[in-house]
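Any read-out appearing in this document is the output of simple, stated calculations on the displayed coordinates, not a laboratory observation. All values derive from a computational prediction rather than experimental measurement. Methodologically, a virtual Cβ is constructed for each residue, glycine included, from the backbone with ideal geometry; neighbour enumeration extends over all protein chains shown.
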Amino acid sequence: MELKISNVGKIDSANIEIKGITIIAGLNGTGKSTVSRSLFAMFHSFSNMSRKINLEKMYAIEDLIYKLYMMPPDFFKNMNIDLEEMGKALLGNTDKNSIRKEFQKVYNESAPIDDLVEKVTKINSTSDDLLRNEIVSEIFLREFNGHITNIQSIEKSEIEIKIKDHKIEVIFDNKDNLLEIVNEKELIQRIVYIDDPFIMDSHSLFEISPESLFSDIRNEKTTNHRGELIKQYKSTKNLNLVDRANLKEKLSAVYQKINDTLGSDMSLFETDKDSISGSKRTMGLSLDSLSSGMKTFYLIKSLIDNGTIVQNGTLILDEPEVHLHPDWQVTLAEIIVLLQREMGLHILINTHSPYFLRAIEVFSRKYDTEDTVKYYLSYNEGNNAKMKDVTFNISEIYRVLSDPLQRIENEAYNDGD
């Protein structure tokens, strides 16, 4: 997999290869997260696109039905109709007589049925190409908080992803308007972007749970990586028994290391039924009370359990060492290397921890995966950020990451300590 970025955020140009594990290390504010957001937005835009298009039409119909529900009571012929079933019956329907019959089941002649028929017909007749462009634009704008292009430049922004022999490219003008999608292709797998273990906390889990007539699909609404991670963590999808058995065997070393890290204290906390262990929900301390470090390990385990992290999938870890003692950074690095080896994952990691970086280097050599590991140094040059491939000269990264310690030593020497 290859990612090419031009004129996005602080980055003027970057070419990133992800064969197995790719590490980007550097100081704060050097474009590391811009690479992560670009990769996420590309995957999230084109994964299950046909479903996203249908869902957007469903949401439009849902909004229409909400307004109908607020009509005066004397407009209703039948107040006991299942509005969810009605919405599903209307989705995709462009036959005006059929649509009219659905409304006539609910409303009497005083209701504006002809107007409703026209609105539903227009929703279902909306071009898939137009919706596709809106979906891609919305995902990128949400992920980049409304600012995609490099504010220092008047040039257009381009992001290209190459998966095997197929390239997909999106192009925005310097005002963040989508200009073109080149070689659009639907991607099957979703991407997982972990940058905040605190999404496990109960207050975060309610952020994407609006009341809905279509509650089973409303939580699939287009969102940014944080909202997507919450949905993935909340997923109750279960693996089938064959996949469960194979995964338990394949990841036995990973589970052992995670369980050893979490320790016996986990018995004090409430747990949900998961697809690997089959454990039942138990009452105990809220998972909110887990230490921040433990949440990182528990979150990864949960995303494996519920089938979110899948074979040959793509995973982004943005500064995973945050909240972790150096000893746990080393353990996490070993788990990540094992996960990549056993599941064939493409993993992009941003870090500024020399412990974590060195652990990835050592364990990838130990488990014979070092040929699939790439290292990039992020740095600023003028007002722009750049990415340099230092796979064969990792010392450049250590030199940057060790500068703070050297600065402290210099201060100590100057003070005569």
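Between region 95-164 and region 343-362, how many Å separate their Cα centres?
Region 95-164 and region 343-362 have Cα centres spaced 39 Å from each other.
Which one, Tyr355, Ile394, Ile316, is farthest towards the positive end of the dipole of region 290-417 when Lys and Arg carry +1 and Asp and Glu -1 on their Cβ?
Of the candidates, Ile316 comes out farthest on the positive side.
Ranked from highest to lowest mean number of other Cβ atoms within 10 Å per residue, what is the order of the peptides 337-348, 365-376, 130-141?
Taking the mean over residues of other Cβ atoms within 10 Å, the ranking is 337-348, 130-141, 365-376.
Listed here are the pairs Lys52/Lys167; Lys164/Lys386; Lys32/Lys162; Lys248/Lys301; Lys234/Lys374; Lys366/Lys388; which of them are more than 23 Å apart at the Cα?
Long pairs (Cα-Cα over 23 Å): Lys164/Lys386; Lys234/Lys374; Lys366/Lys388.
Once you list every other residue whose beta carbon is under 13 Å from the beta carbon of Glu143, what net charge do they have if Lys and Arg are +1 and Asp and Glu are -1?
Cβ neighbours under 13 Å give a net charge of -2.
Sort 48-55, 120-127 by packing, meaning the average of other beta carbons within 10 Å per residue, with the highest value first.
Ranked by mean Cβ neighbours within 10 Å, highest first: 48-55, 120-127.
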